[in-house]
Every structure is written in structure tokens, then in C-alpha cells.
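The values are calculated or read from the model by the stated rules, or taken from the named source; none is laboratory data. Here the structure is a predicted model, which means the values were calculated and not measured. Here the Cβ positions follow ideal geometry from the backbone for every residue, glycine too, while neighbour counts run over all protein chains shown.
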Amino acid sequence: MTRYNGNALRSPNAYTVPRSSGSGYGYGGRRSYNYDVSGYGDGGYISGNIDASQGSKYVDGYIQRDDGTEVYFDGEWTGKGEIEGYDEDGNYYELEVD
């Protein structure tokens with residue numbers, strides 16, 4: 001691993017989008033966005049935080065179930081502020097941007 005000013009640098013293939021705000025640029029100059037979301041699905045009510053990239057219909061992130069369990073979510077935009085997809089356990093959800 002390469003270091004710069006004492007900080008470890010990741011290779012371009014290991015880049016992850018920071019969970020800060022929608023104001024930064026991701027790897028390769030694509031603008032990245034971060035959204036708070038909530039909704040319902042097979043596993044009941046969920047809320048969490050997802051990441052999206054400019055020009056992509058796909059989103060991902062971590063959502064939290066009512067019981068406090070955090071699971072990975074992978075989905076896509078279906079309309080303005082509307083997302084649908086599945087968690088790591090195969091439960092289907094429809095989310096809205098808060």
C-alpha cells in the first residue's frame with residue numbers, strides 16, 4: 001500500500017465513495033451523491049444511507065431494519081426520489097429520499 005503524508009492510499013480499483021455529502025467528486029471525475037432514505041418492503045420498515053454516482057441509475061449502501069440490524073442494500077432509481085432494490089438477504093424494498 002502506498003502512503004502519502006502518512007496516510008494510506010488505495011488503488012483506483014479499491015476506491016469507495018465517502019459518506020459525507022453530495023458535494024464531492026468520486027474517482028474519475030464523476031460526481032458522487034449521498035442520500036438518506038427510508039421505506040417499506042419484505043423486511044418491514046427500513047431507513048439508511050445510500051450512495052449514487054452522476055449518470056448512473058444504480059445505488060447502494062447500508063440500511064437499518066426496525067430491529068436495529070444493518071444490511072447492505074443494492075438498487076436503482078425508478079423515478080425522482082424513488083428507489084427499489086434488494087438487501088443482502090434478498091428482501092425487496094421501495095425507498096424514498098428523505
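Here are the numbers:
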read-out	value
Residues being of a type outside the set (V, I, T) and more than 18 Å from N34 (Cβ to Cβ) - total across the range 53-92	13
Any strands (runs of 3 or more DSSP E) falling wholly within the chain and containing at least 2 residues that are touching a strand residue (DSSP E or B) at 6+ places or on another chain (Cβ under 8 Å) and modelled with pLDDT of 55 or more	32-41, 44-53, 58-65, 70-79, 82-87, 92-97
